[in-house]
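Data first, discussion second: the structure below is written as structure tokens.
The numbers here are math on the coordinates, done by the rules we state, and not lab data. Treat the numbers as computed from the prediction; the structure is a model and nothing was measured. For neighbour counting, all protein chains shown are included, and Cβ atoms are generated from backbone atoms with ideal geometry for every residue, glycine included.
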Amino acid sequence: MADKDLYSGLIRLHILHHACQEPIFGVGIIEELARHGYRLSPGTLYPLLHGLEERGYLRSSGKSSGGQSRRVYRATAKGRKALAAAKVKVRELFSELLEDGRPAGSLLRETAGTRDLMKELIAQMREGASKTREPGARALLETSAEVVKGLIKAFDEHEKKSEM
């Protein structure tokens with residue numbers, strides 16, 4: 001792949017995105033990346049996976065099925081948080097790259113990026129609430145999720161008023 005040094009960060013984000021959705025493994029993610037035009041060999045992919053794991057974004061475990069051993073990678077809490085933050089930055093970069101005469105930093109882009117980040121936060125708070133055994137912590141997380149949900153609604157209402 002020509003200019004692969006330009007794409008290495010995008011590939012890492014793509015890997016992290018899929019690892020946040022479900023456990024991934026080497027051959028499977030090579031095939032997924034190929035569907036998006038990235039051609040990686042195992043010799044290129046595995047150092048990326050190991051690097052993401054060393055930085056704490058992924059964790060791996062060995063799995064055996066049918067006599068075959070496979071290393072499976074999952075996103076960590078740090079990885080999910082980093083991906084949520086990266087989504088905002090990637091959205092801003094892509095909107096600049098693909099901009100067609102609109103002013104940079106428009107309210108719509110900022111609101112959309114913030115909304116996505118807030119939705120990620122709601123999901124994390126609800127996941128934490130479902131896992132905790134402490135009633136006070138559960139209530140705090142559930143209440144916080146509802147407050148953030150209200151903020152999203154306020155963003156949406158503000159956006160509608162701005163369009164009129």
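The angle separating the long axis of helix 4-21 from the principal Cα axis of greatest extent in the chain is about 80 degrees.
Sorting L48, L10, L98, L58 from the fewest to the most surrounding beta carbons within 10 angstrom yields L98, L10, L48, L58. Net charge of the neighbourhood of V147, taken over other residues with C-beta under 13 Å away and scored Lys/Arg +1, Asp/Glu -1, is +1. Look at (1) 13.2; (2) 11.5; (3) 8.5: the one that is mean projected area of the Cα convex hull in nm² derived from this structure is (1).
Computed packing ranks the peptides 114-123, 146-155 as 114-123, 146-155, most packed first, by mean other Cβ atoms within 10 Å.
Working from Cα positions, state the angle (0 to 90°, nearest 10) between the long axis of helix 77-97 and the longest principal axis of the chain. Relative to the chain, helix 77-97 is tipped by roughly 70 degrees.
For the range 1-71, trypsin sites (Lys or Arg not before Pro) are listed when DSSP marks them as loop and at most 13 other Cβ atoms sit within 10 Å of their Cβ; the list is R39, R55.
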